Amino acid sequence: MGYFGGFRVTLKTMLEDRVTVQYPEDKRPKPERFHGRHVLNRYEDGMEKCIGCELCAGVCPARCIYVRGADNPPEAPVSPGERFGFVYEINYLRCIHCDLCVEACPTEAITETKLFEFSFTNRRDAIYTKDELLVDDDGKPRDLPWEDWHPGDDEHTSAWMRATSPSGSAEYEGQVQWSGELGYGVRSSEDGQNPAQPHPSEGDHVDTADAEQPEAHH
Amino acid sequence: MLGGIVNALLAVGDPLFRDGVDFTVVAIVIAKTLLTFAVLMVAVLFMVWFERKVISDMQNRIGPNRAGPWGLLQTLADGIKLFFKEDLLPDRADRAIFRLAPYLSAVPAFLAFAIVPLGGTVTIAGRQTYLQLADPPIGILFLLATSAVAVYGVMLAGWASGSKYPLLGSVRASAQMVSYEAALGLSIAAVVLITGSLSTQDIVQSQGGLLDWNILRLGGLPFAIFLIAATAELNRPPFDLVEAEQELVGGFHTEYSSIRFALFYLAEFMNTVTMSAIVVTLFLGGPVGIDIPVIGKVSPVWFVLKLFVFLFGYVWLRATLPRFRYDQLMDLGWKLLIPASLFWLLVLAGMRVDATYGFAVFFGGLAMAPVLLRAVSIGHDSADVEHSATRRLREVR
C-alpha cells in the first residue's frame, strides 16, 4: 500500500454510507429467532395454551419461572385440558434467555418475542406475572409502561420459533406441526422447507411427534 | 520624552500607532483583543466538532448529532459538563504548581494567536489598522517563545501530579516538544532568511503572488519539515504518544479533571488552530489570494479557506496513521529533521549569495551525507557492542 495508501482509504470511506442507526427512533431488525421477553400464547379461539405442567420451571437453569397449576373450572375452562397455569411468574432479573423453557413446553405455550428493552425501575416490576405475560385479545404481547415498543415492533414477534424445529425427526421437517396462534393463525413453515410433502402419518407408520391439529381437542 | 519612548515602542508596523496613542486607539485595541479572543474560541469549538465529525465520517459512522443541529453544540455541552465535574487535587500533588500548570499551557496558546494576520488593512473610526491583534517586529519569534512556555505547562503538570504515569508522560512530552522545536525554528529561519524580516505582516506581504508563496520559493522542504515538526509540537497523532490512552492512561493530564482538564484540552486545540494559521501565514501567503470582485485580493476569506485545508489535514492524519513509538519519534526529530533543515538552510543561504554557491552547497551536502550516515551507523553499532560487552562481563563475574 505504501505510505500514502492509508490516506486514500480514509478519504474514500468518507464517501461511503454510514452504518449508524439512529437509535431509538430506528432500530436494527433482529434475527427471527432472537431471544427476548417471553409471552404466554393462546389458541385461535382464545383459550390459553398453558396447561400448568411446570416443565418450563423444571428445566430453567436460572430457576426464574414460578408456576402453579390448578384444575380447570368446569364451567369456564381456561385451557383445553384438565389443568391450567394458575400462577405464572417469570423473574427477568434472573432469566438468561436460554429459551430451554420454550423447548420444554409441550403445548407451545411459552415462546419469546423480540423485546429486550425492559427498563423496569424496581424489582417488583421485574417479576412479570401471568397478566403481563399473556398475549392480549389480538394475540399481541402487552405493551407495559416501562417497555419500549414502537409501532410495528410487535409485528416482529414470533411465537412459532420453537415450533419450527422438527422435533428431532427428519421425516417431519417441513411439515406444519404447530397449532394456530391467536391473532396469527397457523403460520407457514420456514423458507426452504417444502410444505407440499405428504404427511408421514399417512400410511402405517408409527408417529411419535405430535401432529394433531388443535381443533381435535374440542 | 516619555511620550517619545512610548511612541517609539509602539511605532511598529501597525499603522494604528503612527500618530500616537489616544483614546480611540486604545478602544480599537481593546475591541480587537476581544474580537481575537472570540474568534479563537469559536475556531476552537468548531475545530473540536469538525474533528469528531470528520473522524467519524472516515470511520463509517455519524459523530455527535444530538446536541444541536448536526451536533454543533456538542463541544459546548462537553465544556459545561466539565465545569460541573468535581475538581480533584491528588494527595501527593504539589498544590501550587498543580493549579498553575493548566494556565501555563492555556495562556501561551491564547497569546500565540495574536501575531497571526487574518486579513489586510481595515479602517475603523477613521484609523487604519491591520486585521491582526499585534504586529511586533519580533513577530514569529513570539510564536517560538510561547511554544517554549507551553512546554513548561506540560512538564510541570506531569511532575506536580504526584504519580507515575503523568510523570512519565510529561517527561516524554517535554523531550518531544523540545526536540521538534529545533526543527521548527530552523524551518522558520529559512522563511525569515528569504523574507528578511521577522514580522508576520512583512512575511505575508512578501508573498504577493501565487508563485511567491514560500512553499514554492523555498523548495518545499521547509514546508514539509515545518508540518511534521508542528504536528509533533502539538502532540497530535501520529506523535501523540504522550496522551495515548492505551499507554499512559492520559499522560500528563491523567490527574486533572473539570476545568483544569478543560483548559488542557482547549489549549491543545487552540495550539492546533494557531499552528495551522502560522503554516498558512509562513508558507501559503496568509490572507493573500486571487483578486476576485467581492472578496478582494487580501481577505480573511482566503485565510479561512487555507486554514480549513490544514485543519482537515490534521484530522486526516489522526484518522489514518498509527502512533509513533517514542524512540522512532526521537530518531525522526534529531536524526532526520534537524540535519535536513540545517542542510536546506545552508543551501538557501548559498542561493541568496549566488546560484553557483547554492548549487555548490547542495552538491557538497549531498556528498557529505554518506559520511553522516556512516557516523550514525557507527554510533548504532558501537552502542550494541558496548551493551554486549557489559553483558559478557556480567556473565564472567
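Per residue of the stretch A:59-68, what does 6.51 cos²θ - 1.76 cosθ + 1.60 with θ = phi - 60° give for ³J(HN,Hα)? Whole Hz please, x for Gly and Pro, Karplus curve as stated.
3J(HN,Hα) across the stretch A:59-68, in whole Hz: 8, 5, x, 9, 6, 9, 9, 10, 10, 9.
Counting only protein heavy atoms, what percent of the accessible surface of the protein assembly as shown is carbon or sulfur at a 1.4 Å probe?
Working: 20390 of 32360 Å².
It is 63 percent, rounded to a whole number.
Partner chain Cβ atoms within 10 Å, averaged over the residues of B:211-219 - can you pull that number for me? The partial results should precede the final answer.
Details: counts 0, 0, 0, 0, 0, 0, 0, 0, 0.
Per residue, the average neighbour count from other chains is 0.
Please name the residues of the stretch B:31-67 whose accessible area, counted over protein heavy atoms with a 1.4 angstrom probe, falls by no less than 50 Å² between the chain alone and the full protein assembly.
By number: B:Asp57, B:Met58, B:Asn60, B:Ile62, B:Arg66.
How much accessible area per residue does the protein assembly as shown have, counting only protein heavy atoms and a probe of 1.4 Å, in square angstrom?
On a per-residue basis, 53 Å².
Let me have the 222 nm mean residue ellipticity of chain B computed from DSSP H runs of 4+ only, each contributing -39500 (n - 2.57), with the sum over all residues rounded to the nearest 500.
-22500 deg cm²/dmol
Evaluate Rg over Rh across the protein assembly as shown, taking Cα atoms for both radii and Kirkwood's formula for Rh.
That ratio equals 1.19.
Just how far, in whole angstrom, is the stretch B:174-251 from the stretch A:1-64 if you go by their alpha carbon centroids?
The stretch A:1-64 and the stretch B:174-251 have Cα centres spaced 51 Å from each other.
When Lys and Arg each count +1 and Asp and Glu each count -1, what net charge do the other residues less than 11 Å away from B:Val151, Cβ to Cβ, add up to?
-2
For the stretch A:30-172, what relative contact order do you get, as a whole percent, if you take Cα pairs closer than 8 Å and at least 6 residues apart?
Worked out over the stretch A:30-172, it gives 28 percent.
Using a cut-off of 14 Å between beta-carbons, work out the net charge of the residues near B:Leu210 (Lys and Arg +1, Asp and Glu -1, B:Leu210 not included). Walk me through the intermediate numbers first.
Details: positive: B:Arg217, B:Lys297, B:Lys306; negative: B:Asp212, B:Asp291.
Here the count lands on +1.
Which residues, if any, in the stretch A:1-38 lose at least 30 square angstrom of accessible heavy-atom surface (probe 1.4 Å) when the other protein chains sit next to their chain rather than the chain being alone?
The answer is A:Phe7, A:Thr10, A:Leu11, A:Thr13, A:Met14, A:Arg18, A:Thr20, A:Gln22 - residues whose exposure falls by at least 30 Å² when every protein chain is included.
What are the ³J(HN,Hα) values, in whole Hz, obtained from phi via the Karplus relation 6.51 cos²θ - 1.76 cosθ + 1.60 with θ = phi - 60°, for each residue of the stretch B:154-160 in sequence order, with x given for Gly and Pro?
My calculation for the stretch B:154-160 gives 5, 5, 5, 4, x, 5, 7 Hz in order.
Can you tell which of B:Glu243, B:Glu51, B:Glu86 shows the greatest fluctuation in a Gaussian network model of chain B with Cα springs below 10 Å?
Checking each option, the largest mean-square fluctuation is seen for B:Glu86.
Compare the peptides A:35-44, B:342-351, B:14-23, B:326-335 by average per-residue count of other Cβ atoms within 10 angstrom and give them in order, highest first.
My ranking of the peptides, most packed first, is A:35-44, B:342-351, B:326-335, B:14-23.
Distance cut-off 25 Å, Cα to Cα: go down the list B:Lys81/B:Lys306; B:Lys53/B:Lys306; B:Lys53/B:Lys297; B:Lys32/B:Lys306; A:Lys30/A:Lys140 and report the pairs above it.
Values: B:Lys81/B:Lys306 33 Å; B:Lys53/B:Lys306 19 Å; B:Lys53/B:Lys297 32 Å; B:Lys32/B:Lys306 22 Å; A:Lys30/A:Lys140 18 Å.
Table pairs above 25 Å Cα-Cα are B:Lys81/B:Lys306; B:Lys53/B:Lys297.
Return the long-range amide H neighbours of A:Phe86 (sequence gap of 5 or more, or a different chain), with a cut-off of under 5 Å between placed amide H atoms.
The list, which skips near neighbours in sequence, is A:Arg68, A:Gly69, A:Ala70.
Search the structure for amide H atoms under 5 Å from the amide H of B:Lys297, placed 1.01 Å from N in the peptide plane, and list their residues when 5 or more places away or on another chain.
B:Ile292
First check a/c for chain B, with a ≥ b ≥ c the square roots of the eigenvalues of its C-alpha gyration tensor; if it is under 1.5, answer rounded, and if not, answer prolate when a/b is larger than b/c or oblate otherwise.
Taking the square roots of the gyration eigenvalues as a ≥ b ≥ c, chain B is oblate.
How many square angstrom of accessible surface are buried between A and B, both sides summed, with a 1.4 Å probe and rounding to 100?
Interface between A and B: roughly 1300 Å².
State whether the stretch B:165-306 is rounded, prolate or oblate according to the following rule on the C-alpha gyration tensor (a ≥ b ≥ c being the square roots of its eigenvalues): a/c under 1.5 gives rounded; otherwise a/b larger than b/c gives prolate, and the remaining case gives oblate.
Prolate.
Is the shape of the stretch A:30-172 best called rounded, prolate or oblate, per the rule: a/c under 1.5 gives rounded, else a/b larger than b/c gives prolate, else oblate, with a ≥ b ≥ c the square roots of the Cα gyration tensor eigenvalues?
Since a/c stays below 1.5, the shape of the stretch A:30-172 is classed as rounded.
The values are calculated or read from the model by the stated rules, or taken from the named source; none is laboratory data. Since the structure is predicted, the reported quantities are computational estimates derived from the model, not experimental observations. No Cβ is skipped: glycine too gets one built from the backbone with ideal geometry, and neighbour counts run over all protein chains shown. Surface accessibility is based on the protein's heavy atoms, side chains included, excluding ligands, DNA and RNA. Shrake-Rupley method; radii C 1.70, N 1.55, O 1.52, S 1.80 Å.
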